[in-house]
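*Asks:* Handing you this structure, nothing more for now.
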Amino acid sequence: MGQTLAEILDAAAEGRFPPDDGETIVVPQPSWRDAGVVAFTGHSVVFADEDPAWVMSALADVDTDPLAAAMNARFLNALLERTGRRMDTIDLLTVAPPLAGRPPVELTEIRDPDHPRVRRALLHRDDVRVWAADGGVLILGRGVAGRWETAIEVEPAVRHHGLGTALAVAARHLTPGGLPVWSQQAAGNARSIRAFQAAGYRPVGGEALMVPREQ
C-alpha cells in the first residue's frame with residue numbers, strides 16, 4: 001500500500017484497501033488547496049502537512065471508539081483550528097470505472113470561463129469541464145490528489161425521472177485516459193447517493209475535506 005494519498009486512492013479504486021488494523025496514518029497534503037481525512041473500513045488517513053505526533057495526541061483526546069476518532073467532530077474541529085481551514089460536511093466517497101462509447105444523455109459543453117458554475121468548480125478542481133443537459137449540469141475536473149471527480153446538478157422540476165443517474169453515468173464516458181471517476185455525496189443526501197450507486201459508483205469510505213477559509 002502506497003504512502004501518498006494519490007497511491008492510496010489509486011489502490012482503493014482498484015479494490016485494494018488499507019488494512020483494517022484500526023490505525024490512523026498521516027500523509028502529506030497532495031496540494032496547498034486540499035487537506036482532510038479519508039476513513040476506510042478500520043483505517044483512517046489524515047492528509048495534512050502537520051506533525052504526526054500532534055495528530056496522534058489530538059486523536060487520543062477524543063472520547064470515542066478509536067476506530068471512529070478521526071471522523072469525530074472534536075478531532076475534526078481541532079484539525080480545522082490548527083490549520084485555519086474550513087469544511088462543509090463529511091461525504092461518502094465513491095468511485096466508478098470508465099465506460100466506452102457515447103454518454104447516455106445529450107450534453108452541450110459550457111465553454112464560458114465566467115459562467116457561474118465554471119467559476120465555482122474552479123475553486124475546488126483543476127482542468128474543469130462543464131456540460132449542460134436539458135434540466136441538469138455535469139461537472140468534471142481534477143480534484144483531491146489529482147483524481148478525476150464529477151458532480152451533477154438536476155433542476156427540481158425534472159427530478160425523479162432518472163436524469164441524475166444518467167448524468168452520473170455520462171461522467172464515466174467522459175473521463176480522459178481510461179481513468180476512474182470519483183464523486184462525493186453528503187451522507188444525508190439520500191437522493192444523490194441512490195443516483196450515483198445506480199450509475200455504478202461504489203462506496204470507498206468517508207471523506208472530510210478541508211479547504212482554505214478564503215474559498
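The values are calculated or read from the model by the stated rules, or taken from the named source; none is laboratory data. Not measured: the values here are computed from a predicted model. Virtual Cβ from ideal backbone geometry, glycine too; neighbours counted across all protein chains shown. Only protein heavy atoms, including side chains, enter the accessible area calculation; ligands, DNA and RNA are left aside. Shrake-Rupley method; radii C 1.70, N 1.55, O 1.52, S 1.80 Å.
*Asks:* Taking every pair of distinct Cα atoms and averaging 1/r, then inverting, what Kirkwood hydrodynamic radius in Å comes out for the chain?
*Replies:* With all distinct Cα pairs of the chain included, I get 18.0 Å.
*Asks:* Mark the label point 7 Å from the Cα of Asp49 along Cα→Cβ and return the residues of the range 68-90 whose backbone N is within less than 15 Å of it.
*Replies:* Residues passing the 15 Å test: 83-85.
*Asks:* Would you list Asp34, Asp88, Asp127 from the most to the least accessible area, probe 1.4 Å?
*Replies:* Asp88, Asp127, Asp34
*Asks:* Roll a 1.4 Å probe over the protein heavy atoms and report the accessible area of Leu123 in Å², nearest 10.
*Replies:* Surface open to solvent at Leu123 totals about 80 Å².
*Asks:* Amide H neighbours of Thr64 under 5 Å, at least 5 residues apart or on other chains, H built in the peptide plane: list them.
*Replies:* Distant-sequence amide H within range of Thr64: zero hits.
*Asks:* Pick from Val45, Val169, Val158: which residue has the top mean-square fluctuation in a GNM of the chain where Cα pairs under 10 Å get a spring?
*Replies:* Between Val45, Val169, Val158, it is Val158 that shows the largest mean-square fluctuation.
*Asks:* Would you rank Ile152, Ile8 by solvent-accessible area, highest first, keeping every protein chain in place and using a 1.4 Å probe?
*Replies:* Ile152, Ile8
*Asks:* What residues qualify as long-range amide H neighbours of Ala186, i.e. H under 5 Å apart, gap of 5 or more or another chain, H built at 1.01 Å from N?
*Replies:* Leu92
*Asks:* Of all DSSP beta bridges in the range 21-60, what percent run antiparallel (nearest 5)?
*Replies:* Counting only bridges with both partners in the range 21-60, antiparallel ones make up about 50 percent.
*Asks:* On to the next question. Work out which trypsin sites (Lys or Arg not before Pro) in the chain are exposed loop sites (DSSP not H, G, I, E or B, at most 13 other Cβ within 10 Å) and give the longest gap free of them.
*Replies:* 112-212
*Asks:* Residue by residue, what Karplus-based ³J(HN,Hα) values in Hz, rounded to whole numbers, does the range 107-124 have, using 6.51, -1.76 and 1.60 with θ = phi - 60° and x for Gly and Pro?
*Replies:* Ordered by residue, 3J(HN,Hα) equals 10, 10, 6, 8, 9, 6, x, 9, 4, x, 6, 5, 4, 5, 5, 5, 5, 10 Hz.
*Asks:* Shape call for the range 92-203 from the C-alpha gyration tensor, a ≥ b ≥ c root eigenvalues: rounded (a/c under 1.5), prolate (a/b greater than b/c) or oblate?
*Replies:* rounded
*Asks:* Could you report the range 1-98's accessible area per residue, 1.4 Å probe, as an integer in Å²?
*Replies:* 48
*Asks:* Per residue of the range 25-40, what does 6.51 cos²θ - 1.76 cosθ + 1.60 with θ = phi - 60° give for ³J(HN,Hα)? Whole Hz please, x for Gly and Pro, Karplus curve as stated.
*Replies:* 10, 10, 10, x, 4, x, 6, 4, 6, 10, 9, x, 9, 10, 10, 9
*Asks:* Tabulate in residue order the Karplus-calculated ³J(HN,Hα) for the range 61-74, using 6.51 cos²θ - 1.76 cosθ + 1.60 with θ = phi - 60°, rounded to whole Hz; enter x for Gly and Pro.
*Replies:* 3J(HN,Hα) across the range 61-74, in whole Hz: 7, 7, 8, 7, 4, x, 5, 9, 4, 5, 10, 6, 4, 5.
*Asks:* With n ≥ 4 as the cut-off for DSSP H runs, can you work out [θ] at 222 nm for the chain, using -39500 (n - 2.57) per run divided by the number of residues, rounded to the nearest 500?
*Replies:* Computed mean residue ellipticity for the chain: -7500 deg cm²/dmol.
*Asks:* Treating only the Cβ of Lys, Arg, Asp and Glu as charged (+1, +1, -1, -1), what charge dipole size does the range 34-176 show about its Cα centre? Round to the nearest 20 debye.
*Replies:* 400
*Asks:* Hey, another quick one. Of Thr94, Thr41, Thr175, which is the most mobile in a GNM of the chain whose springs link Cα atoms less than 10 angstrom apart?
*Replies:* For the chain, modelled as a Gaussian network with Cα springs under 10 Å, the answer is Thr41.
*Asks:* Using amide H atoms built 1.01 Å from N in the peptide plane, name the residues 5+ places from Glu23, or on other chains, whose amide H lies under 5 Å from its own.
*Replies:* Result for Glu23 returns Ser44.
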